[in-house]
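**Q** Mind having a look at this structure? Questions to follow.
The values are calculated or read from the model by the stated rules, or taken from the named source; none is laboratory data. No experiment lies behind these values; they were computed from the predicted model shown. Virtual Cβ from ideal backbone geometry, glycine too; neighbours counted across all protein chains shown. Accessible surface is based on the protein model in full, side chains and every heavy atom, while ligands, DNA and RNA are left aside. Shrake-Rupley method; radii C 1.70, N 1.55, O 1.52, S 1.80 Å.
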Amino acid sequence: MAAAVEKAGSPVELTRDLGVGQFTKVPDEITNWIEEQRSWRETVAFADQSYHMTDHYVEGPDALELYSDVAVNNFDNTEPGKAKQLVVANPSGKHIGDAIWFHLDDETFLSVGSRPAHNWLQYQIETGEYDVTGELQGRPVATGDDPNNFRFQVQGPEAIDVMQEVADDPLPDLGFFNFDTITIEGHEVNLLRHGMAGEAGFEFWGPYDIGDEIKEIVMDAGEEYGIKHLGAESYQTPNAILGWIPLVVPAIFDEGMEAYLEWLDVGDGLLSIGGSFESDDITDYYFTPIELGYGHIIDFDHDFVGKEALEAEIDDPARRKVTLVWDPEDVVDVFASLFREGETYQFMDFPHPRTAACPYDTVLKDGEQVGVSTDKSYIYNERDFISLAVIDTEYSEPGTEVTLIWGDPEDNDNKRVERHTQKEITATVANAPYSEDKR
């Protein structure tokens with residue numbers, strides 16, 4: 001990675017306007033993205049998560065010491081069957097990445113999610129003095145390899161009934177983010193109490209070679225409940241409701257990270273930047289775990305990378321994560337421009353406009369920048385187009401009106417972006433998560 005940055009001239013030059021790769025092997029739509037979105041609110045949604053995330057297995061007597069040293073979380077209260085949102089920061093307290101972490105056995109652990117957190121953990125394993133082994137599998141859709149496991153999810157009002165229908169025995173009484181094994185027609189699978197749209201649900205996984213059979217069993221059982229299989233587009237939209245920002249620029253280009261950048265392969269660490277926000281300084285694209293809403297899981301009773309900086313921020317953060325509700329007339333005008341003479345605005349591909357892995361759009365108040373808007377989606381169930389943003393705390397009260405700039409800069413080189421003119425869109429600040437959490 002270090003050599004690639006030097007050749008490009010800067011981290012921003014390296015990562016800007018690269019476009020976005022294939023997200024998953026699942027088709028964009030299985031039925032229709034509106035019906036798929038409706039299913040998690042009205043009946044039950046099924047999602048296939050097998051192909052778009054990385055798996056990181058860690059095993060050994062020092063595994064918990066490793067996690068405790070590197071992650072912001074508390075690991076004193078863990079035991080097999082527990083899961084956490086694992087969050088890692090750099091020495092300056094800037095966010096590198098997050099993943100879902102599973103305590104599988106006494107000395108065996110798995111985390112599942114995007115690559116940045118796993119790269120940082122694997123680097124600590126290979127350069128540190130921990131008595132552990134680490135095995136990292138890249139995103140199967142990118143590597144072409146079969147996943148280690150199938151990974152499915154059901155969520156919605158009927159999700160629990162569907163899983164009870166397919167389980168050989170009564171479902172275990174699981175608290176949120178706890179997991180246990182169940183059998184489905186004699187096949188042992190792991191069942192996690194979870195949900196990605198603020199609705200009740202489960203995530204479950206097992207050996208990949210039985211995945212097609214398990215999927216068929218669940219879909220057949222769910223037919224009478226109105227189950228819908230989410231396509232890649234509808235699957236990506238619940239993040240905006242839940243308040244989870246899936247990808248941001250990882251804070252790996254800071255001073256003091258030189259050895260890590262020498263270790264990191266550019267193909268494993270590159271994420272593209274897009275959107276209207278522009279800066280020559282890569283650190284302007286960084287967030288802290290607190291700004292991303294992870295303050296409640298940070299445990300300051302142990303030493304970890306970035307602790308001092310986060311301690312100084314926790315009681316008075318300069319910025320806060322919010323939901324932005326885009327003005328519907330302004331959104332409609334983006335489409336209306338296609339039917340007028342003259343310049344058009346950048347096409348807004350529903351339900352999840354995405355032309356870069358890490359989208360950053362400028363947010364303004366009275367003409368001055370006060371933050372950036374990130375992942376965005378149209379949500380049929382809410383009849384709203386919303387995005388998640390990190391903005392100055394003084395403008396983070398629900399009801400505050402801001403504007404954002406829609407459209408990449410004129411000089412962008414992203415082949416996924418057509419020629420267009422930028423547009424100011426009015427937006428109203430709302431809470432994140434946006435809807436009631438029923439998980």
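**Q** Counting C-alpha atoms alone, how compact is segment 12-109: give Rg to one decimal and Dmax as a whole number, in angstrom.
**A** Just the Cα atoms of segment 12-109 yield Rg and Dmax of 18.3, 48 Å.
**Q** P(r) for segment 333-436: what percent of alpha-carbon pairs falls in each 5 Å bin, starting at zero?
**A** 2, 11, 22, 24, 20, 13, 6, 1, 0
**Q** Given the Cα atoms of segment 241-352, and with Rh set as the inverse mean 1/r over their pairs in the Kirkwood sense, what is Rg to Rh to two decimals?
**A** Dividing the radius of gyration by the Kirkwood radius yields 1.06.
**Q** OK, next. Enter the accessible area per residue of segment 1-120 (Å², integer; probe 1.4 Å; all protein chains in place).
**A** 37 Å²
**Q** Which of Pro328, Ala357, Met53 sits farthest toward the positive end of the charge dipole of the chain, with +1 on the Cβ of Lys and Arg and -1 on the Cβ of Asp and Glu?
**A** Positive-most Cα among the choices belongs to Pro328.
**Q** Ratio of Rg to Rh for segment 370-419, alpha carbon only, Kirkwood?
**A** 1.04
**Q** Follow-up question, since we're still on this one. What is the packing order of peptides 359-367, 87-95, taking the mean over residues of other C-beta atoms within 10 Å and listing the highest first?
**A** My ranking of the peptides, most packed first, is 87-95, 359-367.
**Q** As a test of the formula, what do you get for the chain when each DSSP H run with n ≥ 4 contributes -39,500 (n - 2.57) and the sum is divided by the residue count, at 222 nm and rounded to the nearest 500 deg cm²/dmol?
**A** The per-residue figure over the chain is -6000 deg cm²/dmol.
**Q** Taking 7 Å along the Cα-to-C-beta vector as the label spot, tell me the Glu107-Glu216 distance in nanometres, rounded to one decimal.
**A** Taking the simple label geometry, Glu107 and Glu216 are separated by 4.1 nm.
**Q** Rounding to the nearest 20 debye, state how big the charge dipole of segment 352-434 is about its Cα centre with +1 on each Lys and Arg Cβ and -1 on each Asp and Glu Cβ.
**A** 440 debye
**Q** Per the 1.4 Å probe, what fraction of the accessible area of the chain, in percent, lies on carbon and sulfur atoms?
**A** Carbon and sulfur together cover 42 percent of it.
**Q** Using alpha-carbon positions, what is the distance between the centroids of segment 187-217 and segment 219-262, in Å?
**A** With segment 187-217 and segment 219-262 each reduced to a Cα centre, they are spaced 17 Å.
**Q** Mind listing P(r) for segment 123-180? All alpha-carbon pairs, 5 Å bins, whole percents.
**A** 4, 12, 14, 15, 12, 15, 15, 7, 6, 1
**Q** I would also like to ask the following. Once percent of Cα pairs over 35 Å apart is worked out from the coordinates, which option in (i) 29; (ii) 47; (iii) 35 does it equal?
**A** Only one listed value fits the structure, namely (i).
**Q** Would you list, by chain and number, the lysines whose Cα falls below 23 Å from the Cα of Lys228, excluding same-chain residues fewer than 8 positions away?
**A** Excluding near neighbours in sequence, the set is Lys25, Lys215, Lys376, Lys438.
**Q** Go through Asp280, Asp413, Asp17, Asp392 and list them by solvent-accessible area, largest first, probe radius 1.4 Å.
**A** Asp280, Asp413, Asp392, Asp17
**Q** Just to confirm, what accessible area per residue do you get for segment 155-240 at 1.4 Å probe, in whole Å²?
**A** 39 Å²
**Q** On the principal axes of its Cα set, how long, how wide and how thick is segment 129-279? Give whole Å, largest value first.
**A** For segment 129-279, the Cα spread along each principal axis is 55, 43, 31 Å.
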